[in-house]
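**Q** One structure coming up, written as structure tokens, with questions to follow.
The values are calculated or read from the model by the stated rules, or taken from the named source; none is laboratory data. Bear in mind that the values here come from a model prediction, so they are computed numbers and not experimental data. In this analysis, Cβ positions are derived from the backbone assuming ideal geometry, glycine residues included, and neighbour counts consider all displayed protein chains.
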């Protein structure tokens, strides 16, 4: 069985929830005998020296993609579908609705198609005009043409069922592994931090993540005993990302680390006093699952996607309300997390957000299509 994966930047060590999910699932499925996983990566994210032919049994091809947020995924995926004809895979697996614009082309070329819908991206503030229309078309073509549709949350499944009437949509969530707590201190020292003396978040610099609200709320706290640390950046520099960096630089004790992965990111999770995610919109946030896997107390906005992960009620705040956010940051930083609550979340992650189980579910979908 040969699977060709499109619509991702590639991996390892590339920022993004889609990239993380594809890496975790693909590397596990690649361990199955008689199953070949090929990932189409974007050249512009990988200097020549970092282009791997194979990683944990997953094979890579690198194709051109313009470093442009409007054209990157579309052009790369179009080229990828044409390129796939030369590789003759059994299944094309499209990631996200933008790349799914070319699902009909894949079907015309004779491929069986799986689409993972990570969320209706056209609801994100950064997409406007023609880009929003293309995303809506991608979703339409995916739902109408793909052999199998995977979604990462029950919220997305309900949304699509109501919108299109398709009833065979399969929910396979994002996952996490329970990590070892990092004992390193290099990043802590580099950014002049103290263990448990900072609140933390990790995400892209886009409006729907609500980072402007987080910084504004932090500014409302009088003489905070903790710093605010934000890991991440914009994929493409925008007016919003420049504004966010300016706001952070003007605020005392806000630390921007840039994009971190691997051990440096693990070190920040391991030593944080509170994890905050103030998003207006999510698919199913891997960053929140990661925070829970490190046993961190968390505080998140009360959007539907966050509520799918059953946290204690006091760990939600009204999205966009910076006054409530500021008050709850102080309260939950001081409260911490009990051993009982921490154990509850560990059991939840092992049962419902387990990458091994998730990969097995995706593999079963592949087998059902090939057998059929």
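**Q** Given the conditions (1) within 17 Å of residue 114 (Cα to Cα); (2) without any contact (Cβ under 8 Å) to a residue 60 or more places away in the chain, report the number of the one that residue 50 does not fulfil.
**A** (1)
**Q** Oh, and also: Could you please let me know if residue 65 is at pLDDT below 95, buried (at least 22 other Cβ atoms within 10 Å of the Cβ) and in contact with a strand residue (DSSP E or B) (Cβ under 8 Å, 6 or more places away or on another chain)?
**A** Yes.
**Q** Also, quick follow-up: Among the residues of the stretch 259-268 satisfying the criterion of being within 20 Å of residue 214 (Cα to Cα) and modelled with pLDDT of 95 or more, which is surrounded by the most Cβ atoms within 10 Å (Cβ to Cβ)?
**A** The selected residue is 268.
Okay, residues lined up against (1) within 30 Å of residue 119 (Cβ to Cβ); (2) surrounded by 13 or more Cβ atoms within 10 Å (Cβ to Cβ); (3) touching a strand residue (DSSP E or B) at 6+ places or on another chain (Cβ under 6 Å):
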position	(1), (2), (3)
177	yes, yes, no
180	no, no, no
183	no, no, no
190	no, no, no
199	yes, yes, yes
202	yes, yes, yes
212	yes, yes, no
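**Q** Another question about this same structure. Yes or no: residue 148 surrounded by fewer than 23 Cβ atoms within 10 Å (Cβ to Cβ), over 30 Å from residue 310 (Cβ atoms) and outside the structural domain of residue 307 (by TED's automatic domain parsing)?
**A** Spelling it out, it is not the case that residue 148 is surrounded by fewer than 23 Cβ atoms within 10 Å (Cβ to Cβ), over 30 Å from residue 310 (Cβ atoms) and outside the structural domain of residue 307 (by TED's automatic domain parsing).
**Q** So is residue 44 surrounded by fewer than 20 Cβ atoms within 10 Å (Cβ to Cβ) and not in a helix (DSSP H, G or I) or not?
**A** no
**Q** Take the stretch 269-310 and flag every residue that is more than 18 Å from the chain's Cα centre (by Cα) and at pLDDT below 95.
**A** Passing the criteria: only 310.
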